[in-house]
Amino acid sequence: MKKLIILISFSTMILTSCKHQKAAFDEKDFTDLMQQLAHAWTTQNTDLALSCFTVDAIYIQSPDVQFYEGHEHLRPLFAAIKEGTSMHFHHLWFDENEQTGVGEFTFGNPGKTTGVTGVAVVSIEHGKIKTWREYFIQGPIDFKEFISTEGKNWKWHIGHYQ
């Protein structure tokens, strides 16, 4: 009976401590990682940028624009980022169960009027980016101007369907 009580007590301790353990990688971790990457690209710190990715990471712009695999391919890509270029995330979302996140970003040179704004879909493995899929379009570098509905000559609108 004494052994049974000790076993139950020990099992209860383990279950209780597991409930209080932090998830492997959570929304705050994701935000920190993505902000670190944005800082690395903005300061042209190639090694810091690489540290955000797994050694065998896949980086693509679909459907067939860019493909890089592993640090060997990513190093020259990140090293080519010119001084004055900046990366800024406007919104970040993370699904802890799937270990997948999304970041809406603007990338470009603040001295210029255009840059790229888009979305990166990111999967995480062991606290680093395992896959990066980006989708973007060139437009105004100012995000408020980019998303504004005012003063634009829309290529597609309701007039096409009337």
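The values are calculated or read from the model by the stated rules, or taken from the named source; none is laboratory data. The structure displayed is predicted, hence computed values, not measured ones. In this analysis, Cβ positions are derived from the backbone assuming ideal geometry, glycine residues included, and neighbour counts consider all displayed protein chains. Side chains included, ligands, DNA and RNA excluded: accessible areas come from the protein's heavy atoms. Shrake-Rupley method; radii C 1.70, N 1.55, O 1.52, S 1.80 Å.
A few comments on the model shown:
- Out of 125, 134, 83, one residue alone is among the acidic types (Asp, Glu) and under 21 Å from residue 64 (Cα atoms). It is 134.
- Within the stretch 119-144, residues that are within 18 Å of residue 99 (Cβ to Cβ) reach partners that are open to solvent by less than 30 Å² (accessible area, probe 1.4 Å) and in a loop (DSSP other than H, G, I, E, B) with beta carbons closer than 8 Å, at six or more positions or on different chains, in the pairs 124/25; 127/25; 128/52; 129/52.
- Output for the stretch 22-53, where each listed residue is β-branched (Val, Ile, Thr) and either within 17 Å of residue 79 (Cα to Cα) or touching a Cys at 6+ places or on another chain (Cβ under 8 Å) (or both): 42, 43, 46
- Among the residues of the stretch 56-96, those identified as surrounded by 13 or more Cβ atoms within 10 Å (Cβ to Cβ), in contact with a Gly (Cβ under 8 Å, 6 or more places away or on another chain) and of a type in the set (Gly, Ala, Ser) are 57, 86.
- Yes/no for residue 66 being more than 28 Å from residue 29 (Cα to Cα) and of a type in the set (S, T, N, Q): no
- Only residues that are part of a strand (DSSP E or B) and open to solvent by 50 Å² or more (accessible area, probe 1.4 Å) were counted in the stretch 97-116, giving 2.
- Hits in the stretch 146-162 - residues which are open to solvent by 40 Å² or more (accessible area, probe 1.4 Å) and outside any helix (DSSP H, G or I): 149, 150, 151, 152, 153, 154, 155, 156, 157, 162
- Within the stretch 117-145, restricting attention to residues that are surrounded by 15 or more Cβ atoms within 10 Å (Cβ to Cβ) and at pLDDT below 95, the residue that is nearest to residue 90 (Cα to Cα) is 143.
- Extreme residue, farthest from residue 34 (Cα to Cα), among residues of the stretch 71-96 that are in contact with a Ser or Thr (Cβ under 6 Å, 6 or more places away or on another chain) and in a strand (DSSP E or B): 86
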